[in-house]
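Colleague: Structure provided below as structure tokens; questions to follow.
The values are calculated or read from the model by the stated rules, or taken from the named source; none is laboratory data. What you see is a predicted model, and the numbers here were worked out from it, not measured in a lab. Cβ placement follows ideal geometry from the backbone for every residue including glycine, while neighbour counts extend to all protein chains displayed. With ligands, DNA and RNA removed, areas are computed over all heavy atoms of the protein, side chains included. Shrake-Rupley method; radii C 1.70, N 1.55, O 1.52, S 1.80 Å.
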Amino acid sequence: MKQAKKSLFVYLIMLAAVHALGNAQMSGRKILFNKDWKFHLGSVANAEQPSYNDSKWRALELPHDWSVEPLPVQREGVTVGPFSRMSEGTWDTGQTVGGEGWYRKTFTISPEDAGKRLILYFEGVSNQSEVWINGRKAYYNPYAYTSYRINMTDYCHAPGVANTIVVKAINTGLNSRWYVGSGIFRHVWIIKTDKTYLDEWDTFFNASELKGKDVQVRFSTIVHNQNQQQGAADLDIKVYSPAGKEVATVSQKLTLSPETPVAASFSIKNAELWSVDTPILYTAEVSLSSSGKVFDKISVPFGVRTLSVSAEKGFQLNGKTIKLKGGCLHHDNGLLGAVTLNRAEEKKVELMKANGYNAVRCSHNQVSEYFLEACDRLGMLVIHETFDQWQKPKRDNDYAQFFDEWSDKDLAASVRRDRNHPSIIMWSIGNEVEQRADEPEGDLISKRLVNTIRKYDDSRFTTIGANDFWDRRHFSWDNDAHRTFKNVDIAGYNYVWRKYESDHAADPKRIIYGSESYPKEAAQNWNLIEKHPYIIGDFVWTSIDYLGEAGLAHALELAPGERDPQFMGWPWYNGWCGDIDLCGDKKPQSYFRDIIWREREIAVAVRRPVAEGKKEVVNGWGWTDELLSWNWPGLEGQPLRVNVYSRSPKVRLYQDNVLVGEKEVDPESYTATFEVSYKPGELKAVNVNRKKEAASTILKTTGTPAAIRLIADRNRIKADKNDLSYVKIEIVDKDGNVVPDAVLPVTIAFSGNGSVIASGNASYDDMKSFRSLTPRTFRGKAIAIVQPTEEKGSVQLTVSAEGLHTSSISIETY
């Protein structure tokens, strides 16, 4: 616990630094291009032509995801807000609807940019996208998550003449196993350079080799020269410490050709190391000039850290063994859909960090730039994954149809864009791909993908997330799994923890981690991880709830003969697997994980009686239907199951200060189970060590709802649409306790320099509350997400409910 408190202290310091660095839009060379777009949902003819009349189209600001917006036609019993029983993706996409969408934007090049090279940069457009510039088709991209750049210099008109950009986004068919979102869901940028220029994606600072206290940095880039004449140029590098002190300089004389590769090595004395507890970042400024004229200048953050793995010592960061406390994470932002605002991306990393995680597996695609920046700044290790399928599809219209033509390009784009992030420790070439052990196809594909990675980065490990052979019935794990891992450095096991020890006996050098695991098997996984150095960590499915794969996690009361489905149908829209819910609150399984990871000493959770003639069936990703609550009206006198979670040898349970009993804690599951007859009052669980009572936890029956409490994660935010304030709405009793069984409709209103861009609750099936300004509370809580305008001032948020006093909060924007 001391280490946890120390880590939290460091984390809070670094968090302040994050907001100091902030969500600023870059100016000059790289400019955010999100404003003043027009949008039309549906097919349309000739919209790519500059002369097309878009006056009736909707004006909006990017990023944008139309699949979480209310459907234009609402039909009773068929649609609710953005959800439809007619959804092609059904439970895969959380009952949402895709389709075809068009975006248009007009802009003019300023006179000072005449003759410059102009790049249009899309971080992500779902699912397939086509781009036209001034009526000419400029690009096609088949993969929602791959960032792409278009050199639009030759497509643009002269300064002062209007240019038109048109983007067509298609999200149709059965194309994903989870919610992707629809449209231009990540940032768009304009990059302006001279014809002689540098490219961030070509630039790499490999600071992974320590010699004593000094780091040897290997630098590489490519200088591009589109000018007609060749000539000489100077390349200068200046490296600054986190405190702003210049710690290294490098200069090279170059003779320019159309493409001039540059490599250099230099050292930083007494280097400060990046780690999960001290995520220290250096900044390199690279400039290109000739005779005093600066052609280009880029700034590249990077971190100094070493990575190593072995079966004997496990995973080591900076020479110290560390176990990966990991969670898998999809890309969406819950109530925001796939919209990728900087603060929303940062919030996910904050939540994981605050709940004990030190690693994230980006499942199963390239993430946003800002998500990785947040991981760098807050100290979160990253497994960077690109593919959920190879040549064999998992859904009829998924990426498999593009894999042969596009996989190398998409993987190269991922590695080139992201390789300067110190948080990334592994590149994953796939998740549960059907061909993983096939010969020769699987072998050839994995070799090709690994070679593509190593072409651009040889400083990190390669991996793959592999499942048992339910998709290749003629194969078996014991006989065939070894082929899956022969071309990668580290073996990722999806739900196959029972094979850890036997596989080590067969291959003592193999390094293993749980790339996916069930929440309810956390103890079995972690016990093996702590026991064996060759098992380096575990990544639960999932750390945070997400849209789509509706009801993948569930606990049902079933009668004999009733079937347990894999997914839940209408009205479920949420995967419900996460330790953390869509509002950022801990679910019961998260408290259990705290015990496993020694972040908490004791927890207690209660389950209502199972209906007569039925039994509770908890599916693989589910968790027993328990709550950290002692509010069970209507169940007075009935026996409730009480689970106490602890690493203590014994625990005691008290009801209203009367001892219910003392039990030994199962050393394998860290659980002691009691049965208690319910009556309102207090339940207290206490650790017992050597007959002495130690840490304790209490559940109390609350009073009736008496007030609305509003808690903002930050009361002061930037006047920048990339910043947000998450305001929790809690129904509390007269003593300020959250009423955990309160299901109350609330009304949310706002005024001032901002708006509520999404609000709702964490429920898995309350469609009417999703993105509603009149949501019901779920387990006593709801949330409102406040986005500022770009004017300084304040935003006032007011929440009311029948029978309760209205509550208000003010968020300052600066």
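Colleague: With unit charges on the beta carbon (Lys/Arg positive, Asp/Glu negative), name the residue among THR278, GLY183, GLN435 whose Cα is farthest towards the positive pole of the charge dipole of the chain.
Modeller: Value computed over the given set: THR278.
Colleague: Express the accessible area of the chain per residue in Å², computed with a 1.4 Å probe while the remaining protein chains stay in the model. All intermediate terms of the calculation are to be shown ahead of the outcome.
Modeller: On the way: 32130 Å² over 814 residues.
For the chain, the per-residue accessible area is 39 Å².
Colleague: Which longest uninterrupted range of the chain lacks any trypsin sites (Lys or Arg not before Pro) assigned by DSSP to a loop state (not H, G, I, E or B) and surrounded by at most 10 other Cβ atoms within 10 Å? Spell out each step's value before the answer.
Modeller: Details: sites that count: LYS56, LYS245, LYS269, ARG473, LYS509, ARG563, ARG690, LYS691.
The reported range is 270-472.
Colleague: In addition: Filter LYS253/LYS297; LYS253/LYS293; LYS347/LYS700; LYS297/LYS320; LYS35/LYS792 down to the pairs with a C-alpha to C-alpha distance above 25 Å, please. Write out the running numbers ahead of the final one.
Modeller: On the way: LYS253/LYS297 16 Å; LYS253/LYS293 14 Å; LYS347/LYS700 30 Å; LYS297/LYS320 36 Å; LYS35/LYS792 19 Å.
Check vs 25 Å cut-off fails for LYS347/LYS700; LYS297/LYS320.
Colleague: Roughly how big is the chain's charge dipole about its Cα centre, with Cβ charges of +1 (Lys, Arg) and -1 (Asp, Glu), in debye to the nearest 20?
Modeller: Numbers: 100 positive and 103 negative charges, 337 e Å.
It works out to roughly 1620 debye.
Colleague: Next question, about the same structure. With labels modelled as points extended 7 Å from the Cα through the Cβ direction, what inter-label distance (nm, one decimal) is found for SER251 paired with LYS734?
Modeller: In this crude spin-label approximation the distance works out to 7.8 nm.
Colleague: Under a plain spin-label model, where a point goes 7 Å from the Cα along Cα-to-Cβ, how far apart in nm are LYS455 and TYR121?
Modeller: It works out to 2.2 nm between the two label points.
Colleague: Round to a whole number: what % of the accessible area of the chain belongs to carbon and sulfur, probe 1.4 Å? Let's see the in-between values first.
Modeller: Details: 15920 of 32130 Å².
Using a 1.4 Å probe with all protein chains present, the chain comes out at 50 percent carbon and sulfur.
Colleague: How much net charge surrounds ASN365 when only other residues with a Cβ under 9 Å from its Cβ are counted (Lys, Arg +1; Asp, Glu -1)? All intermediate terms of the calculation are to be shown ahead of the outcome.
Modeller: Working: positive: none; negative: GLU385, ASP388.
Around ASN365, the surrounding residues sum to -2.
Colleague: Less than 15 Å apart at the alpha-carbon level, and either on another chain or at least 8 residues along: which aspartates and glutamates does that give for LYS691?
Modeller: GLU662, GLU664
Colleague: Regarding segment 109-229, what is the average projected area of its C-alpha convex hull, in nm²? Present the calculation step by step, with values, prior to reporting the outcome.
Modeller: Numbers: hull surface 47.1 nm².
In nm², the orientation-averaged hull projection of segment 109-229 is 11.8.
Colleague: State the extension gain, in nm to one decimal, for the chain segment bounded by ASN689 and ARG709, taking 0.36 nm per residue of separation less the distance between their alpha-carbons.
Modeller: Values: separation 20, 0.36 × 20 = 7.20 nm, distance 3.84 nm.
Using 0.36 nm per residue and subtracting the Cα-Cα distance, I get 3.4 nm.
Colleague: May I pose another question? Assuming R0 = 35 Å, what is the FRET efficiency of LYS700 and VAL610, from their Cβ-Cβ distance, to the nearest 0.05? If you can, show how the numbers build up before the last one.
Modeller: On the way: r = 25 Å, r/R0 = 0.70.
The computed FRET efficiency comes out at 0.90.
Colleague: Also: Can you give me the distance in nm between label points at THR172 and PHE107, each placed 7 Å from the Cα along the Cα-to-Cβ direction?
Modeller: That separation, rounded to one decimal, is 2.9 nm.
Colleague: Along the Cα-to-Cβ line of HIS157, 7 Å from the Cα, sits a label point; which residues in segment 100-133 have backbone N less than 15 Å from it?
Modeller: 105-111, 133
Colleague: When the expected Rg is taken as 2.2 N^0.38 Å, what fraction or multiple of it is the alpha-carbon Rg of segment 599-646?
Modeller: On the way: Rg = 12.4 Å, N = 48, 2.2 N^0.38 = 9.6 Å.
Rg over 2.2 N^0.38 Å, computed on Cα atoms: 1.29.
Colleague: Just to confirm a number: summing +1 for Lys and Arg and -1 for Asp and Glu over residues other than LYS105 whose beta-carbon lies under 14 angstrom from that of LYS105, what do you get?
Modeller: Working: positive: LYS35, LYS38, ARG58, ARG104, LYS168; negative: ASP36, GLU48, ASP54, GLU61.
Net of charged neighbours comes to +1.
Colleague: If R0 is 22 Å, what FRET efficiency do you get for ALA505 and THR321 from their C-beta distance, rounded to 0.05? Intermediate results must be reported in sequence, preceding the final value.
Modeller: Numbers: r = 22 Å, r/R0 = 0.99.
Efficiency, from the Cβ-Cβ distance: 0.50.
Colleague: Once all Cα-Cα distances of segment 372-522 are split into 5 Å bins that start at 0, what whole-number percent is in each one?
Modeller: Result, from short to long distances: 2, 9, 18, 21, 21, 15, 10, 4, 0, 0 percent.
Colleague: How high is the relative contact order of the chain, in percent, counting Cα pairs under 8 Å that sit 6 or more residues apart?
Modeller: Working: 2060 pairs, mean separation 72.8, N = 814.
Once divided by the residue count of the chain, the mean separation gives 9 percent.
Colleague: At 37 °C and 0.692 mPa s, what whole-number value in µm²/s does Stokes-Einstein give for the translational diffusion of segment 312-425, with Rh from the Kirkwood sum over Cα pairs? Provide the component values of the computation, followed by the final result.
Modeller: Values: Rh = 15.4 Å.
Result for D is 213 µm²/s.
Colleague: Before anything else, pin down the relative contact order of segment 475-597: Cα pairs under 8 Å, at least 6 apart, normalised by residue count, whole percent.
Modeller: About 20 percent, as a whole number.
Colleague: Same structure, new question: Once you wrap a convex hull around the alpha carbon atoms of segment 662-740, what is its projected area averaged over all directions, in nm²? List each step's numbers first, then the result.
Modeller: Working: hull surface 38.0 nm².
Its average projected convex-hull area is 9.5 nm².
Colleague: Which percent of Cα pairs goes in each bin when the distances of segment 178-320 are cut into 10 angstrom slices starting at zero?
Modeller: Calculated over all Cα pairs of segment 178-320, the distribution is 10, 34, 27, 21, 8, 1 percent.
Colleague: Tilt of helix 522-531 relative to the longest C-alpha principal axis of the chain, in degrees (0 to 90, nearest 10)?
Modeller: 70 degrees
Colleague: State the extension gain, in nm to one decimal, for the chain segment bounded by SER291 and SER310, taking 0.36 nm per residue of separation less the distance between their alpha-carbons. Display every interim value, and only then the final one.
Modeller: Numbers: separation 19, 0.36 × 19 = 6.84 nm, distance 5.07 nm.
Answer, rounded to one decimal: 1.8 nm.
Colleague: Just the number, please: percent antiparallel of the DSSP beta bridges in the chain, rounded to the nearest 5.
Modeller: So the antiparallel bridges in the chain amount to around 85 percent.
Colleague: Run through every distinct alpha carbon pair of the chain and return the Kirkwood hydrodynamic radius in angstroms, one decimal place.
Modeller: On the way: mean 1/r = 0.0353 Å⁻¹.
Kirkwood hydrodynamic radius for the chain: 28.3 Å.
Colleague: Hey, what number do you get for the chain at 222 nm if only DSSP H runs of n ≥ 4 count, each worth -39500 (n - 2.57), divided across all residues, to the nearest 500?
Modeller: Details: 9 runs with 110 residues, N = 814.
Value at 222 nm, helices only: -4000 deg cm²/dmol.
Colleague: Here's another thing I want to ask about it. Taking 0.36 nm per residue of sequence separation and subtracting the Cα-Cα distance, how much length would be gained by fully extending the chain between ASP277 and LYS213, in nm to one decimal?
Modeller: On the way: separation 64, 0.36 × 64 = 23.04 nm, distance 1.85 nm.
This chain segment gains 21.2 nm when fully extended.
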